[in-house]
1. Out of curiosity, is Leu314 touching a residue at least 60 places away in the same chain (Cβ under 8 Å) and not small (Gly, Ala, Ser)?
2. Give the residues of region 162-180 that are over 29 Å from the mean Cα position of the chain (by Cα) and either outside the structural domain of Leu197 (by TED's automatic domain parsing) or closer than 14 Å to Thr218 by Cβ (or both), sorted by residue number.
3. Scan region 458-495 residue by residue and report those that are of a type in the set (Phe, Trp, Tyr), in contact with a helix residue (DSSP H, G or I) (Cβ under 6 Å, 6 or more places away or on another chain) and over 15 Å from Ser446 (Cβ atoms).
4. Keeping to region 350-375, report how many residues are of a type in the set (A, V, I, L, M, F, W, C) and either free of Cβ contacts under 8 Å to residues at least 24 places away in the same chain or touching an Asp or Glu at 6+ places or on another chain (Cβ under 8 Å) (or both).
5. When both residues are 6+ apart or on different chains and their Cβ atoms are under 8 Å apart, which pairs have a first residue that lies in region 491-519 and is within 22 Å of Arg461 (Cβ to Cβ), and a second that is surrounded by fewer than 13 Cβ atoms within 10 Å (Cβ to Cβ)?
6. Go through region 497-555 and give me each residue that's within 27 Å of Arg448 (Cβ to Cβ), of a type in the set (Gly, Ala, Ser) and not in a helix (DSSP H, G or I).
7. Name the residue, out of Ile45, Ile12, that is β-branched (Val, Ile, Thr) and in contact (Cβ under 8 Å) with a residue 60 or more places away in the chain.
Amino acid sequence: MKNPQQKIKLPIPLWLIWATALGFVLAGLGSFGVLDNNEGLYADISREMLLSRDWRHWIIPYLNGLPYMEKPPLLYWLTALSFAVFGVSEWSARLVPALSSLACVAMLLQFGRIVGRPRAGRLAALMFASSIGVVAMSRLLMFDMLLTALLTAALMCAYRHLHDGNKKWLRMAYACLALASLTKGSVALVLFGLIVLSFMLVSRRLRDWRTWFEPYATLIFFAIAAPWHVMASLTEPFFAWFYFYNEHVLRFLGRREPRDYYSGPWWYYLPRMLAYLFPWSALLSGLYFSARKPLNTRQLPLQRFLWLAWLLPLLFFSISSAKANYYLIAAVPFAAFHLATAIENRGFLSGIGAAAPGLLIAVIAAGLCIWVTTGFENTRPNVVILGLKIPAFALVVLTGLAILALGSAYCAWRNTGVGILTYLVLSAWLTATLKVTLVEIEPLVSTRSLATYIQRTLPDREVYLYRDFEDVSSLSFYLKKSLAVVESRSNDLFWGNRLRENNIVISADQFNARLPGKPVAIVVADRQIESFRESIFFQRFKTVKRIGGISVFVN
């Protein structure tokens, strides 16, 4: 006889999970240009690495022709490999984070089967793949989704080792942890150590600490993680201080030089955690209206582990003085699995419990509609999306969200066979909105159009940047060459410029001396226009072309 708690109440077919994951993550991956700032930096580093004939550039990455040691190289190596196999393009630049997201989906499914919660694993995988924060991070070339996949794998293997004592899982955990450290440095080690040590403490298993220094596992970790750190220290003597102290210790304390990050209050990540998992985070409201089934004592270790696996990263990043919107994405897989187990323990929600999330989202969307109508300040009055200005477009999106949320709430309430899966339509609506917005505002966030204009109309001119490299960081990627920066204010070029004598960062006088008899173009971001007009060389430029928020001046 089947245990009533094992009776399937909300069937989630694998085809639906993978169709959702592939559609939300891969569809239109290259539909918009490489974004300025972070994505432009990392794409150009990978491009330079691939084209470099100097092996040292694979050890110490180069950005716009200057050393760039802020991050480990694994993401660059993998992206360069993607470029080598598939060619240099927008979608191949984003392939690594996209595949990392899909790997998380596979791991959630496998973890659910291993811990005896396959239905929760399927729901967690579906929620993870379609959460708006995950969709956004899966489609951008940044370190965090690769870190998320590797840290999740390390922690899942560590849990299996703690559960059955098999050294195979410990060795696999250390291998994944080493790769995670090559992705984003010691933050992976700190989070892994915090979670594992805390779990051993609450499980009263601290006496087993020696098992974590198993010789083969330790050897595997150092064999993977150590070579690059040693080679980087030998290649660049300044590396050790800069990477370990400035980039890790001082960044955490909010004293890193230069200061290229922002701070926030202790609760900074709380609303963002809800946003990462939206719209599924709204299911928390449904838990209030649903009776909880008695928890099997065999599941207590799992529940403790899940609490620690996402709460400790939340606490760690909240304490840190350096904040960023995307840091906490590493906690989302376990947060999704924890939410899925809570929903499964309440029969996957029914009645008002299943309808409450949709009603809540509809109320929030209606409130935002009122705010847009009465108190929204449009800082980009000339931006048009699908023929609508930003306030009008926002009203369409929010109205559609409210209507879909009400419809989903009704279907979840009336049809227990489909239930909360109806909220998948909200994810589709938000994902489509995100894609359309990025395509429509591309000239404001990417230099793809600007690069095309320069290549077609100014092929013989030498191109310079004025002050803000990060504002047009994708231009080097699209023009396929390093660009000199006049009076640089760039944080990302700061240390590379100090380490090497170069012709990349030049003064106003140096630039002015190069101008006579030489056809050049200089790219200026909107916020630097007034400063550019007051420069000693402004009068030498006679014509201008403006694309998005960038102006091109030619002499």
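1. Spelling it out, it is not the case that Leu314 is touching a residue at least 60 places away in the same chain (Cβ under 8 Å) and not small (Gly, Ala, Ser).
2. Hit for region 162-180 is Lys167, nothing else.
3. Matches in region 458-495: Tyr466 only.
4. Counting residues in region 350-375 that are of a type in the set (A, V, I, L, M, F, W, C) and either free of Cβ contacts under 8 Å to residues at least 24 places away in the same chain or touching an Asp or Glu at 6+ places or on another chain (Cβ under 8 Å) (or both) gives 4.
5. Ala508/Ile536; Asp509/Ile536; Asn512/Ile536; Pro519/Asp460
6. Ala521, Ala525, Gly548, Gly549, Ser551
7. Ile12
Residue by residue, here is whether (1) in contact (Cβ under 8 Å) with a residue 40 or more places away in the chain; (2) assigned to a helix (DSSP H, G or I) holds:
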{"site": "Glu377", "(1), (2)": "no, no"}
{"site": "Leu395", "(1), (2)": "no, yes"}
{"site": "Leu406", "(1), (2)": "yes, yes"}
{"site": "Tyr410", "(1), (2)": "yes, yes"}
{"site": "Thr416", "(1), (2)": "yes, no"}
{"site": "Tyr423", "(1), (2)": "yes, yes"}
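The values are calculated or read from the model by the stated rules, or taken from the named source; none is laboratory data. Keep in mind that what you see is a predicted model, and the values were worked out from it rather than measured. Cβ: placed from backbone, ideal geometry, glycine included. Neighbour counts: every protein chain shown.
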